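Q: This is the structure I want to talk about, given as C-alpha cells.
The values are calculated or read from the model by the stated rules, or taken from the named source; none is laboratory data. Only a predicted model underlies this, so the values are computations on that prediction, with no experimental measurement involved. Cβ: placed from backbone, ideal geometry, glycine included. Neighbour counts: every protein chain shown.
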Amino acid sequence: MLAKTKKSEKKRLLFESLYRLSVIFSGLILFIIIIFIFASGFPALKEYGFFEMILNKEWSPNATDPQFGLLYMVLATIISTLLSLLIAIPIGVLSAAYLSKMAPKKIKKTIMFFVEILAGIPSVIYGFFILKTLVKIIYDNGKYIEGVSGNSMLAAIAVLALMSLPTIITVSVTSLDAINKSYDEASYALGANTIQTIFKVDLRAARLGIMSAIVLGAGKVIGETMAVMLVSGNAINFPGNLLEPVRTLTSNIATEMAYASGLHQSALYATGIILFILIMILNYILLVVIKRGGTSDA
Amino acid sequence: MLNHKFGINFVKYAMYLSLILLIAFIALIIGYIVLEGLAQLNLDLLISSNPLIVSTLMLIGIALIVAIPLGIFSAIYMQMYAKQGRIISLIRFSIDSLTGIPSIIYGLFALSFFIYYFGLNRSIFAAGLAMAIVILPVLIKNTEEAIKTIERSQIEASLALGATKYDTVTKVVVPFCLDGIINGVILSIGRIIGETAAIMFVIGTLNGFPTSIFEPSATLATHLYLILQEPTYAQGGIQEAYSLALILLLIVIILNVLVKFVEKYFKKKRGY
C-alpha cells in the first residue's frame, strides 16, 4: 500500500513537472522564432540598411551589383490588402448582421456550417479556383491589351477578399450573438424596426468584436502566400494597374527561397522581418482600438 | 439616413445582396471543385495519389504526437496551476501571438531552425516538427476554452473530497474536456492537410513511395501547388490537380462534419 502511494506520488511529480516544462516551451516558441528570423535576415539588413531596403524599388538579386529593394512589394502588399478588405468588410459584416439578427435558426446554422468549411479550405484550392475562373476571364477579355496575362493584382485582391470572409463573418457573428437581448428589446420598445435596431444598436454595441474581426481578417490577408502566388503573376511592378501582375512580400519569399543562397537568402529573411513588422503594427492598432473602445464604453 | 423609408430599404437590400454574394461564393467554389474534380477523376489518378496520402498521414502523425501532449499539458498548467501574474501573462501573450503569424514565417523559421541550425534533412519528419509548432496554439486554445467551461464547484468538490490537484486534473478536468481536446485535434488535422507555405522549404520533393519519415516527400497540398506552378510536373498534369483538390475538399468537409458530431455526442452524454 505504502509502495503504491509512493509510486503514484512519483507519477504526480513527474507529470506536474511535465506540465510546467510544456508551458515554458510553448511560451518560448515565439521568441525562438523571432530570434531565428531576425538573425537570418540581419546580414542583408546590415549590408543594405533597413530603410534603404524598404525605400528602394529595384529588386535584382542575381545582378553583378545586386539590389534588394522591397518598395513595390511593400506597396503591393498594403494596397491589395486594403482593396480586398474594402470588398470583404461590407459583405462580411452585413451578412453577419443578417445571420445573427434576422436569419431563421435553420438558415443561420446551414450557412455558418458552409462558412466554416470555407475557413477550412486550403489556400492552394482558393488559388486554383481563381486561377481557373477569374484569371481566365481577365485573360480572355484583355489579352489584346499589352501586359495583360490574366495573372494580376485584381485576381490577387479577389482571392484575398474571398479568403478573409470566413474570418470576418465568424468573429462578427459571435460578437453580435453575444449582445445582451435587452438592448434589442429596448430598441423595439422605442418603436424602432429591425433594420434600425441592427444598425443603430447592435452594430454599435458589437463594434469591438467587429473591429477585431476586421483586424484578424487583415492579418490573414497580409500573410497569405500560396493563393496570391498562384494568381498575382509575381512580376515586380508598381501596384498602379489592377490588370497588371504584382508581387507581394509573401510571394517574394516563397518564389525565390528554393534557389536563393547567401545574401539573397538573407534578403528573403529580411522580407519576412518586414512582413512581421507589418503584422505587429496591425496587432498594435487592434490593441489601441480595443483599449479606446473599452474606455469610451464605460 | 435610417429615419426614412428609402434609407431603410437601401440598407436592407444591401444586406440581402451581401448574403446572396456570400452564398454565391460558397456555391461557386465548392461546386466548381466538386464538378470539375468528378469530371477528371479516374482510377489511375487515385492510385497515383497513394504516396501522397501516405506521406500526408505520416506528417499528421508526427505533428500530433509532438503537439498533443505539449498543447494539453500547457493548457492544464495555465488553467489549473499557474498563479496569474506577469510571467504567465507574457506566456499567454506569446502563445496568442503565434496564432497570428503567417504560415510563410513559420516556413522561414523551420528552414533556418530545423534544416540549417539542427542539420536535419529535408523530410517528412522536419515538416512534421514545423507543423507541430503551427498547430500548438490551436490545441492550447481549444483545451483552455474547454477547461474554462467546467464549473468551479466540480473542481472544488473533487478537492474537498481529498483528491490532490493532480488527481482532480486527471480524473475530473481531462475527461470533462475531452470534446474540446478532440475538436482541437480535428481542427489541427485540417490545418496540417491544407498547409503548404509552412512546410514547402523543409519537406523536400516527392521521390516515389515514402518508406520512412526521414525521406523527403510531398503532401496532397504541396503536390497540388507544384502541379499548378508547373503543369508538366506530374504525369496527369492539370487533371491530377483537379482530383487532388477534390480529395482535399472532401477531407475538409468530413472533418467539419466530424466536429459537429463530436459536439452533439458529448452534449447528449452530459444530458443537456
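Table: residues versus (1) within 14 Å of chain A (Cβ to nearest Cβ); (2) of a type in the set (A, V, I, L, M).
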residue	(1), (2)
B:ALA146	no, yes
B:LYS165	yes, no
B:ASP179	no, no
B:THR196	yes, no
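Q: Taking the condition at the interface with chain A (Cβ under 8 Å from one of its Cβ atoms) and either more than 30 Å from A:SER261 (Cα to Cα) or surrounded by 21 or more Cβ atoms within 10 Å (Cβ to Cβ) (or both), does B:GLY7 pass?
A: Taking the combined requirement at face value, the residue does not satisfy it.
Q: Test B:ALA197 against the stated conditions and say whether it is farther than 20 Å from B:ILE29 by Cα, modelled with pLDDT of 90 or more and of a type in the set (Gly, Ala, Ser). If you could, list the steps in order and put the result at the bottom.
A: Working: farther than 20 Å from B:ILE29 by Cα: yes; modelled with pLDDT of 90 or more: yes; of a type in the set (Gly, Ala, Ser): yes.
When the stated conditions are applied, B:ALA197 passes them.
Q: Still on this model: Select, from B:LEU111, B:LEU129, the only residue that is more than 7 Å from chain A (Cβ to nearest Cβ), surrounded by 16 or more Cβ atoms within 10 Å (Cβ to Cβ) and out of contact with any helix residue (DSSP H, G or I) (no Cβ under 7 Å at 6 or more places or on another chain).
A: Working: B:LEU129 fails: out of contact with any helix residue (DSSP H, G or I) (no Cβ under 7 Å at 6 or more places or on another chain).
Exactly one of B:LEU111, B:LEU129 is more than 7 Å from chain A (Cβ to nearest Cβ), surrounded by 16 or more Cβ atoms within 10 Å (Cβ to Cβ) and out of contact with any helix residue (DSSP H, G or I) (no Cβ under 7 Å at 6 or more places or on another chain), namely B:LEU111.
Q: Additional query: Among the candidates A:ASN151, A:ASN141, single out the residue that is in contact (Cβ under 8 Å) with a residue 12 or more places away in the chain and over 30 Å from B:ILE8 (Cβ atoms).
A: So the residue among A:ASN151, A:ASN141 that is in contact (Cβ under 8 Å) with a residue 12 or more places away in the chain and over 30 Å from B:ILE8 (Cβ atoms) is A:ASN151.
Q: Ok, one more. Filter segment A:92-104 down to the residues that are surrounded by fewer than 20 Cβ atoms within 10 Å (Cβ to Cβ) and not aliphatic (A, V, I, L, M) and list them by number.
A: If we filter segment A:92-104 for residues that are surrounded by fewer than 20 Cβ atoms within 10 Å (Cβ to Cβ), which is where we start, we get A:102-104.
Selection gives A:PRO104 alone.
Q: Looking only at residues in segment A:162-209 that are surrounded by 20 or more Cβ atoms within 10 Å (Cβ to Cβ) and away from chain B (no Cβ under 14 Å), which one is modelled with the highest pLDDT?
A: A:SER175
Q: Also: Got a sec? Which helices (runs of 4 or more DSSP H) wholly within segment A:91-194 have at least 2 residues that are under 24 Å from B:LYS264 (Cβ atoms)?
A: On the way: elements: A:105-120, A:123-132, A:134-142, A:153-177, A:181-189.
Counting at least 2 such residues, we get A:105-120, A:153-177.
Q: For segment A:221-254, which positions are over 24 Å from B:HIS223 (Cα atoms) and among the acidic types (Asp, Glu)?
A: Of everything in segment A:221-254, just one residue is over 24 Å from B:HIS223 (Cα atoms) and among the acidic types (Asp, Glu), namely A:GLU244.
Q: Here are the criteria: (1) part of a helix (DSSP H, G or I); (2) more than 8 Å from every other protein chain (Cβ to nearest Cβ); (3) in contact with a Gly (Cβ under 8 Å, 6 or more places away or on another chain). Tell me which single one B:LEU90 does not satisfy.
A: Evaluating B:LEU90 over (1) part of a helix (DSSP H, G or I); (2) more than 8 Å from every other protein chain (Cβ to nearest Cβ); (3) in contact with a Gly (Cβ under 8 Å, 6 or more places away or on another chain) leaves (2) as the failure.
Q: Out of curiosity, is B:GLU215 surrounded by 12 or more Cβ atoms within 10 Å (Cβ to Cβ), in a helix (DSSP H, G or I), more than 10 Å from chain A (Cβ to nearest Cβ) and at negative phi?
A: no
Q: I need the full set of residues from segment B:218-264 which are part of a helix (DSSP H, G or I), more than 9 Å from chain A (Cβ to nearest Cβ) and either closer than 23 Å to B:LEU111 by Cα or in contact with a strand residue (DSSP E or B) (Cβ under 8 Å, 6 or more places away or on another chain) (or both), in order please.
A: B:HIS223, B:LEU226, B:ILE227
Q: Still on this structure: I'm trying to understand the selection: among the residues of segment B:195-212, which are buried (at least 24 other Cβ atoms within 10 Å of the Cβ) and either hydrophobic (A, V, I, L, M, F, W, C) or part of a helix (DSSP H, G or I) (or both)?
A: Within segment B:195-212, B:ALA197, B:ALA198, B:ILE199, B:MET200, B:PHE201, B:VAL202, B:ILE203 meet the criteria.
Q: Restricting the search to segment A:58-83, which residues are surrounded by fewer than 16 Cβ atoms within 10 Å (Cβ to Cβ) and either part of a helix (DSSP H, G or I) or among the charged types (D, E, K, R) (or both)?
A: Residues satisfying the conditions are A:GLU58, A:ASP65, A:ILE78, A:LEU82.
Q: Would you pick out the residues in segment B:103-129 that are assigned to a helix (DSSP H, G or I) and without any contact (Cβ under 8 Å) to a residue 40 or more places away in the chain?
A: Of all residues in segment B:103-129, those assigned to a helix (DSSP H, G or I) come to B:103-117, B:124-129.
Hits for segment B:103-129 are B:ILE105, B:PHE109, B:SER112, B:PHE113, B:TYR116, B:TYR117.
Q: Additional query: Sort out which residues of segment B:38-68 are small (Gly, Ala, Ser) and surrounded by fewer than 21 Cβ atoms within 10 Å (Cβ to Cβ), and write them in order of number. Explain how you work it out, then say what you get.
A: Initial filter on segment B:38-68 (small (Gly, Ala, Ser)): B:39, B:48-49, B:55, B:61, B:63, B:67.
Once the filter is applied, which keeps residues that are small (Gly, Ala, Ser) and surrounded by fewer than 21 Cβ atoms within 10 Å (Cβ to Cβ), segment B:38-68 yields B:ALA39, B:SER48, B:SER49, B:GLY61.
Q: Within segment A:265-287, does at least one residue satisfy the condition of being on the phi > 0 side of the Ramachandran plot, surrounded by fewer than 19 Cβ atoms within 10 Å (Cβ to Cβ) and part of a helix (DSSP H, G or I)?
A: Just the residues of segment A:265-287 that are on the phi > 0 side of the Ramachandran plot, to begin with: none.
Checked against the condition, which is being on the phi > 0 side of the Ramachandran plot, surrounded by fewer than 19 Cβ atoms within 10 Å (Cβ to Cβ) and part of a helix (DSSP H, G or I), segment A:265-287 yields no hits at all.
Q: Also: Got a sec? Which of A:ILE107, A:ILE34, A:ILE89 is modelled with pLDDT of 90 or more, crowded, with 20+ Cβ neighbours inside 10 Å and within 14 Å of chain B (Cβ to nearest Cβ)?
A: Working: A:ILE107 fails: crowded, with 20+ Cβ neighbours inside 10 Å; A:ILE34 fails: crowded, with 20+ Cβ neighbours inside 10 Å.
Selected residue: A:ILE89, the only one of A:ILE107, A:ILE34, A:ILE89 that is modelled with pLDDT of 90 or more, crowded, with 20+ Cβ neighbours inside 10 Å and within 14 Å of chain B (Cβ to nearest Cβ).
Q: Looking at segment B:69-87, which of its residues are within 17 Å of B:ILE182 (Cβ to Cβ) and surrounded by fewer than 15 Cβ atoms within 10 Å (Cβ to Cβ)?
A: B:PRO69
Q: Let me ask something else about it. Cβ contacts < 9 Å: first residue more than 14 Å from A:PHE114 (Cα to Cα), restricted to segment B:8-34; second residue charged (D, E, K, R), any location; separation 6+ or different chain. Result?
A: Partner pairs satisfying both residue conditions: B:TYR32/A:LYS132.
Q: Follow-up question, since we're still on this one. Restrict the check to segment A:115-129 and report whether at least one residue is closer than 25 Å to B:ILE189 by Cα, within 28 Å of the chain's Cα centre (by Cα) and among the acidic types (Asp, Glu). If you could, list the steps in order and put the result at the bottom.
A: Going residue by residue through segment A:115-129, those that are closer than 25 Å to B:ILE189 by Cα are A:115-129.
Keeping just the survivors that are within 28 Å of the chain's Cα centre (by Cα) gives A:115-129.
So of that shortlist, the ones also among the acidic types (Asp, Glu) come out as A:116.
Checked segment A:115-129: at least one residue is closer than 25 Å to B:ILE189 by Cα, within 28 Å of the chain's Cα centre (by Cα) and among the acidic types (Asp, Glu).
Q: While we're here: Any residue in segment A:126-133 that is of a type in the set (Gly, Ala, Ser), within 11 Å of another protein chain (Cβ to nearest Cβ) and under 19 Å from B:ILE20 (Cβ atoms)? Full working, then the answer.
A: Quick first cut of segment A:126-133, residues of a type in the set (Gly, Ala, Ser) only: A:127.
Then drop every residue that is not within 11 Å of another protein chain (Cβ to nearest Cβ), which leaves A:127.
The next check asks that each one be under 19 Å from B:ILE20 (Cβ atoms); those that pass are none.
No, segment A:126-133 contains no residue that is of a type in the set (Gly, Ala, Ser), within 11 Å of another protein chain (Cβ to nearest Cβ) and under 19 Å from B:ILE20 (Cβ atoms).
Q: Could you list all residues from segment B:242-266 that are more than 14 Å from the chain's Cα centre (by Cα) and free of Cβ contacts under 8 Å to residues at least 60 places away in the same chain?
A: Within segment B:242-266, B:LEU250, B:VAL257, B:LYS260, B:PHE261, B:LYS264 meet the criteria.
Q: How many residues does segment B:200-222 hold that are of a type in the set (Ser, Thr, Tyr), in contact (Cβ under 8 Å) with a residue 60 or more places away in the chain and closer than 21 Å to A:ILE121 by Cα?
A: Residues that pass the stated criteria total 1.
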